[in-house]
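Heads up: the structure comes next, in structure tokens.
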Amino acid sequence: MKNINPTKTLAWKQLRHHFIDIKNIHMKSFFNVDKNRFCNYSIFFEDKIIIDFSKNRINNETLRLLFKLAEECFLSDAINSMFFGYKINKTENRSVLHTALRNQSNKYNIVDNINITLLIKKELKKLEYFSNSVINGDWKGYTGKTISDVVNIGIGGSYLGPYMVTESLKPYKNHLNIHYISNIDGTDIQEVLKKIDLETTIFLIASKSFSTLETISNANYLKNWCILQTKCAGYLSKHFFALCENVTAALNFGICSKNIFKFWEWVGGRYSLWSASGLSIILSIGFKNFESLLYGSYMMDQHFLYQKISHNIPIILALISIWYTNFFKTETEAIFPYDAYMQAFPEYLQQSYMESNGKSIDRNNSLVTWKTSPIIWGQSGTNGQHSFFQLLHQGTTFIPCDFIIPAISHNPVDDHHEKLLSNFLAQTQSLAFGNNININEKIILKNICNNDYMHHKYCPGNKPSNSIMLKKITPYSLGALISLYEHKIFVQGIILNIYSFDQWGVELGKLVANNIFNDFFIKNININYDSSTLGLINIYKKWNNF
Ligand code: F6P
């Protein structure tokens, strides 16, 4: 991977000049000038997803310069390096091969000169066999009953991806009830325990490292609690499973080897839903549907690999995002799925985006002088319209948005879906074009606006959004959508010259939390703490009679 300061490229300099030319142009005029703007600025992914990026503050020249930026940053070399398994996660000396997990060909899957295809296939077979046996009732609990409930214990990527997919694909769900325990807050455990029967529940401990404080503490508590309640020493062999890379730690925990489903160092935590870490998805929707999810993401991988840059969806969306973050100086990006099942999508993207690109040291080991990840936020459906959308239309902050909607609803009720779509379109249209109140902004700025309340109704528009319409949310199209965003994030990391696949900031939090936890139990606490941390620890101890 090349190491290029993006701001030193010719394209970046030209983009700066171009920004001055374009920053005051209203999107209305782009649409007036180009009557085919929708066709010219939208791309189909098969006949399953359309991405309309016409409502952005860009023209052909913007795109030309952004493409030039990608070329000057050797983006296509970087894409090949990832797919070919080069160790592009340099700070952890790892390959980045979540794409191998869904690769339907034998091409590319090489790590350290070893073809990993067989490893992946073997583990998939094991997952298929096990999930089928649970779903069809062959797998029995310790009292001989069939399984009704699955509890996934995991956090970060070992929770957000599987949770988002099981929620988004609820229409494909079978009879199994899937629960998630992620947090170290005891409430999570107690609330799930109220809903399950230990005779008919299996527990999946999802942790790549098998050492994350939250996950292992929750798993230990549940292990002890289950053994105590059931008085059955063999309980674990029927009810506890590990989804991990660190097999030794899982064995030491007491999981039998046949109950361990493995994934590998080259699968990043936040990219692990495609691996054994996605077992809760497989149990929820069945293996065949999981295969469709993998297939959809593979087809988006192919698009990303082979489509020319001017038609490459992840690259275009990534470049537009860089345009806003670094030239318009936007701070955030909002994600609005207009689909109740996809309510967890913004939360999922928060991790994959911000844990990947929330960095300030570049690949040259220098402090960046440009913006890296925007803050990602959002929520589903029209609820947002009746709260924070006000700020999008009339606030002082400029927020690019992605709107996502299926054309075909899983739950058609009366004309609800047409009303939902009308709201979706009304928002993107109003954000782009504002209202027709004819106000002279210069007069408002001069503060000579008499007592005319009309000014308060003024919506200026010129607020950008991408519209992503899926024909229907299926395992296949959801797989493609997730892969689209994964690659968008990757492209941004490459051009912004950062390492997207580590998360040292998060690791710091894990380390410090472990140290503080150990200090709770010693009498003379470490005096090297700052006065705030020490003060709070001491008050906590006093109030809890430690
Ligand atoms: O949040 C940091 C992180 O390392 C994520 O990348 C990962 O998904 C999560 O912690 C959980 O880690 P593990 O799967 O090892 O328990």
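The values are calculated or read from the model by the stated rules, or taken from the named source; none is laboratory data. Bear in mind that the values here come from a model prediction, so they are computed numbers and not experimental data. So basically every Cβ, Gly included, is an ideal-geometry build from the backbone, and we count neighbours across all protein chains shown.
Checking each residue in segment 53-93 for being surrounded by 19 or more Cβ atoms within 10 Å (Cβ to Cβ) and basic (Lys, Arg) picks out 55, 57.
Each row is one residue, and each column tells you yes or no for (1) farther than 23 Å from residue 425 by Cβ; (2) crowded, with 16+ Cβ neighbours inside 10 Å.
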{"site": "15", "(1), (2)": "yes, yes"}
{"site": "18", "(1), (2)": "yes, yes"}
{"site": "24", "(1), (2)": "yes, no"}
{"site": "30", "(1), (2)": "no, yes"}
{"site": "40", "(1), (2)": "no, no"}
{"site": "44", "(1), (2)": "no, no"}
{"site": "48", "(1), (2)": "no, yes"}
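Table: residues versus (1) assigned by TED's automatic domain parsing to the domain that holds residue 329; (2) over 26 Å from residue 480 (Cβ atoms); (3) assigned to a loop (DSSP other than H, G, I, E, B); (4) within 30 Å of the chain's Cα centre (by Cα).
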| position | (1), (2), (3), (4) |
| --- | --- |
| 13 | yes, yes, no, no |
| 17 | yes, yes, no, no |
| 31 | yes, yes, no, no |
| 43 | yes, no, no, yes |
| 57 | yes, yes, yes, yes |
| 63 | yes, no, no, yes |
| 67 | yes, no, no, yes |
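Among strands (runs of 3 or more DSSP E) entirely within segment 158-251, having at least 3 residues that are aliphatic (A, V, I, L, M) and within 16 Å of the ligand (Cβ to nearest atom) singles out 201-206. Restricting segment 252-273 to residues that are within 13 Å of the ligand (Cβ to nearest atom) and assigned to a helix (DSSP H, G or I) leaves a set whose member that is farthest from residue 103 (Cα to Cα) is 253. Tell me, please, whether a residue that is aliphatic (A, V, I, L, M), more than 24 Å from residue 487 (Cα to Cα), touching a residue at least 40 places away in the same chain (Cβ under 8 Å) and assigned to a helix (DSSP H, G or I) can be found in segment 375-391. Checked segment 375-391: no residue is aliphatic (A, V, I, L, M), more than 24 Å from residue 487 (Cα to Cα), touching a residue at least 40 places away in the same chain (Cβ under 8 Å) and assigned to a helix (DSSP H, G or I).
When segment 116-157 is filtered for residues that are over 21 Å from the mean Cα position of the chain (by Cα) and either within 16 Å of the ligand (Cβ to nearest atom) or not assigned by TED's automatic domain parsing to the domain that holds residue 259 (or both), only 151 remains.
Only one of the listed residues (505, 535) is within 15 Å of the ligand (Cβ to nearest atom) and not assigned by TED's automatic domain parsing to the domain that holds residue 420. That residue is 505. Counting only helices (runs of 4 or more DSSP H) that sit wholly inside segment 287-369, those with at least 1 residues that are out of contact with any Cys (no Cβ under 7 Å at 6 or more places or on another chain), within 16 Å of the ligand (Cβ to nearest atom) and touching a residue at least 24 places away in the same chain (Cβ under 8 Å) are 345-350.
This table checks each residue for (1) buried (at least 21 other Cβ atoms within 10 Å of the Cβ); (2) at pLDDT below 95; (3) of a type in the set (Gly, Ala, Ser).
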site	(1), (2), (3)
242	yes, no, yes
252	no, no, no
267	yes, no, no
273	yes, no, no
288	no, no, no
291	no, no, no
296	yes, no, yes
313	yes, no, no
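If you filter segment 511-546 down to residues that are at pLDDT below 85 and among the charged types (D, E, K, R), you find that the one that is farthest from the chain's Cα centre (by Cα) is 523. Residues in segment 274-286 that are closer than 22 Å to residue 87 by Cβ and of a type outside the set (Phe, Trp, Tyr) were compared, and the one that is farthest from the ligand (Cβ to nearest atom) is 275.
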